1. Which condition breaks for SER25 when tested against (1) away from the ligand (no atom under 16 Å from the Cβ); (2) loosely packed, with under 14 Cβ neighbours inside 10 Å; (3) small (Gly, Ala, Ser)?
2. For residues that are touching a residue at least 24 places away in the same chain (Cβ under 8 Å) and surrounded by 16 or more Cβ atoms within 10 Å (Cβ to Cβ), tally how many sit in the stretch 10-22.
3. Which of the residues spanning the stretch 62-91 are of a type in the set (Gly, Ala, Ser) and more than 7 Å from the ligand (Cβ to nearest atom)?
4. More than 16 Å from the ligand (Cβ to nearest atom), under 26 Å from VAL149 (Cβ atoms) and at pLDDT below 95, is that true of ASP43?
5. Residues ALA97, ALA79: which one is surrounded by 18 or more Cβ atoms within 10 Å (Cβ to Cβ), part of a strand (DSSP E or B) and of a type in the set (Gly, Ala, Ser)?
6. Using beta carbons and a limit of 7 Å, which pairs, at least six apart or on different chains, have the first residue in the stretch 82-110 and over 21 Å from GLY15 (Cβ atoms) and the second one part of a helix (DSSP H, G or I) and not aromatic (Phe, Trp, Tyr)?
7. State which residue pairs qualify: first residue on the phi > 0 side of the Ramachandran plot and assigned to a loop (DSSP other than H, G, I, E, B) and inside the stretch 160-178, second residue more than 16 Å from the ligand (Cβ to nearest atom) and modelled with pLDDT of 95 or more in any location, beta carbons under 7 Å apart, and separation of 6 or more residues or different chains.
8. Restricting attention to the stretch 100-133, which residues are surrounded by fewer than 17 Cβ atoms within 10 Å (Cβ to Cβ), in a helix (DSSP H, G or I), of a type outside the set (Gly, Ala, Ser) and more than 14 Å from the ligand (Cβ to nearest atom)?
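The values are calculated or read from the model by the stated rules, or taken from the named source; none is laboratory data. These numbers come from a predicted model, not from an experiment. Cβ coordinates were reconstructed from backbone atoms using ideal geometry, including for glycine residues, and neighbour counts include every protein chain displayed.
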Amino acid sequence: MEWTIRSEEPDDAAGIAAVLTDAFSREDEAELVSLIRNSDTYDPELSLVCIEDETIVGYVLFSPVVIRAKDCDETPALALAPMAVLSKFRNQGIGTALIEEGIHRSYQKGTKIIVVLGEPGYYRRFRFESAKAHEIKPPWEVPEGAFMVLSLETNALRDVHGVVHYPEAFSHTTNTPQ
Ligand SMILES: CC(C)(COP(=O)(O)OP(=O)(O)OC[C@H]1O[C@@H](n2cnc3c(N)ncnc32)[C@H](O)[C@@H]1OP(=O)(O)O)[C@@H](O)C(=O)NCCC(=O)NCCS
């Protein structure tokens, strides 16, 4: 195991697209990342690649979202999406290392809440829990339990309810991005 994790650099775009296309067997997530990269919501420090032998083998991105309540009260958060590891490199802890580094950096930047759409069986290990239980909803129809939330500070979720609003780039994807 000789991989490292670092922020995305200018020459990484093709490698990131290759990982996402391999992992999802479609181009939606790669297109999403390229739209975000050219938008004002992109933060390279929260766009993380895993490198082994000078090749990008894993990727995760965190983007700013707001949780908007019925009374229009807004709470800032980050959304984890997309997340992928090349099939050949799975089950070595790369996904875990990318997420843990992303959560750490998010916390350092003052983030209190992270949302994710994905497999509860995977994200529970990072202490993500049901968003529905907190009355926090995704902007899409999603499978039961698939939308989750992580609190990075005690009481961060207290009195926070509503629908999560994603950056504009997410509305261009045909499939719900993971
Ligand atoms: C999900 C993904 C990023 C995990 O990457 P990884 O580097 O293999 O993850 P790790 O090595 O850190 O963790 C592997 C563990 O997660 C589990 N796991 C992987 N995918 C899972 C899933 N969809 N649901 C539940 N558990 C899952 C593995 O069984 C393994 O469990 P173990 O630790 O008990 O043996 C990778 O499988 C992937 O790219 N999948 C396709 C893209 C995708 O679905 N992305 C969205 C994630 S919801």
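1. Every listed condition holds for SER25 apart from (1).
2. Of the residues in the stretch 10-22, 6 are touching a residue at least 24 places away in the same chain (Cβ under 8 Å) and surrounded by 16 or more Cβ atoms within 10 Å (Cβ to Cβ).
3. Result: SER63, ALA69, ALA77, ALA79, ALA81, SER87.
4. It is false that ASP43 is more than 16 Å from the ligand (Cβ to nearest atom), under 26 Å from VAL149 (Cβ atoms) and at pLDDT below 95.
5. Just a single option satisfies the conditions, and that option is ALA79.
6. The qualifying pairs are SER106/LEU46.
7. Short answer, once both residue conditions are applied: none.
8. Residues satisfying the conditions are HIS104, TYR107, GLN108, LYS132.
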